């Protein structure tokens, strides 16, 4: 029984207590549970006072150091390394030999068409991978399209400054952010176009991200484009999304576990 309890505790610490995915830019609460930094910011921001919020896992009063930059590794007990910054990632590349990808060039064409149609238009670009966002930033800046980027390690003040710049600076046309960041409480109605660079098996996360621009106060028609490479695992991910949606709708009351967990059968389907 003790072994089962220990395994359950380890499983809980391997996922964010809010979104139930592996934590992005992880932080740990005083009660010992893991969170994505942006998920925690969203949860605490929704409450008037931090003390009024409880941990979704154990119901203890929630206390988190949001600006802590290290987190104890669950397996070694040692501080985990900080997430690499955009500058450090790009500095590891030989940018003189940089070659763009099919998806990045397709995105660039879409953005050029958007701006040709409406020079005042703005877009949000989502990816699961921060390194992909860095490469997109580099390529778009190369071609004269100004961008800003939201990362989970930003302080609340820096986050607000980036959002304000995108919303109010007419020269900034693109907001780059991870799907996880797009799921938190953001209202970005300055954008009317949404581009999803890679699909995720949990379609609810993509829907939350798209909702950032499809909100009260949005007066423009909204356009959303997903980039899928033919003949790759991405096509099976789309099928898995649909399968999970149908299971979710068929369960009594819409059991969230049907859509938020990746099962062994799901993995076999993706990699068959």
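The values are calculated or read from the model by the stated rules, or taken from the named source; none is laboratory data. Quick caveat, the model's predicted, so the values are computed rather than measured. Heads up, the Cβs are rebuilt from the backbone with ideal geometry, glycines too, and the neighbour counts pull from every protein chain shown.
Candidates are the residues of segment 40-59 that are under 15 Å from residue 28 (Cβ atoms), touching a helix residue (DSSP H, G or I) at 6+ places or on another chain (Cβ under 8 Å) and at pLDDT below 80; the one that is surrounded by the fewest Cβ atoms within 10 Å (Cβ to Cβ) is 44.
Residues considered: 259, 229. Of these, the only one that is surrounded by 13 or more Cβ atoms within 10 Å (Cβ to Cβ), at pLDDT 65 or above and touching a helix residue (DSSP H, G or I) at 6+ places or on another chain (Cβ under 8 Å) is 229.
On the basis of being assigned by TED's automatic domain parsing to the domain that holds residue 99, free of Cβ contacts under 8 Å to residues at least 24 places away in the same chain and not in a helix (DSSP H, G or I), does residue 119 make the cut? When the stated conditions are applied, residue 119 passes them. Among the residues making up segment 167-211, those that are modelled with pLDDT under 70 and outside any helix (DSSP H, G or I) are 183, 184, 185, 186, 187, 201, 202.
Kindly indicate whether residue 67 is modelled with pLDDT under 80 and in a loop (DSSP other than H, G, I, E, B). Here the answer is yes, as residue 67 does meet what is asked. The one condition from (1) touching a helix residue (DSSP H, G or I) at 6+ places or on another chain (Cβ under 9 Å); (2) surrounded by fewer than 23 Cβ atoms within 10 Å (Cβ to Cβ); (3) at pLDDT below 85 that residue 215 does not meet is (1).
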